[in-house]
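A short write-up of the structure that comes next.
Read the figures in this text as sums done on the coordinates, not as results from a lab. Since this is a predicted model, take the numbers as computed values, not measurements. Neighbour counts are summed over all protein chains in view; Cβ atoms, including those assigned to glycine, are modelled from backbone coordinates with ideal geometry.
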Amino acid sequence: MELSVQPTRADHRIAWLTALAITIHIAESALPNPLPGVKPGLANVVTIAVLCLYGWRMAAWVSLLRVLVGSLLLGTFLSPTFVLSLTGALCSITTLGAAHLLGARLPGAGFGPVGFSLLAAMAHVAGQFYCAYWLFIPHAALFTLLPVLMSMAVVLGVINGIITRTMLQRVTP
């Protein structure tokens, strides 16, 4: 008995979009960090675009596969970097799921790319921060960094949201 699994069009779409996100993720890892723990998060542009175009389920696949495959390719799988990245991605995608559901119930258009990106960036940083505190650096002085990190999340979340909105305006009719 031969078992044959045929990939669907959605499977191909997830693979291509994940590959794009991984490529951006790896390229971004080569950039110098202006502040420790602060990265632009440009791969999240792909996740937000996927959320807006194809829904939360596909965005979750792209985000989590990017973290897993990106960590394997960068050699950080199961390291503290991987744990922090996965925690941030899980918090981010959970927040996006809640916002996506809530946005469908809000009057008007709900959240757009900028709103989604802002929420995702803040959830990502908050998740990483508390993971770092509970697992790696359980010291109260760490909380002095939280305002700086959340401020950067707001700025970079809005910038990435604007990039996503501009990109979506060009690729959708």
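The order of Ile137, Ile162, Ile93, Ile14, going from fewest to most other C-beta atoms within 10 Å of their C-beta, is Ile137, Ile162, Ile14, Ile93.
Computed on the Cα atoms alone, the convex hull of the chain gives a volume of 152 cubic angstrom per residue.
Calculated [222 nm] ellipticity per residue, helices only, for the chain: -24500 deg cm²/dmol; basis is -39500 (n - 2.57) per DSSP H run with n ≥ 4, divided by all residues, nearest 500.
In a fully extended conformation the segment linking Leu142 and Ala15 would gain 41.9 nm over its present Cα-Cα distance, using 0.36 nm per residue.
As a proxy for reagent exposure, Arg165, Arg57 were ordered by neighbouring Cβ count within 10 angstrom, fewest first; the result is Arg57, Arg165.
Taken along the Cα-to-beta-carbon direction at a fixed 7 Å, the label points for Leu135 and Ser4 span 4.2 nm.
Ordered by the count of other Cβ atoms within 10 Å of each Cβ, fewest first, His124, His25, His100, His12 give His12, His100, His25, His124.
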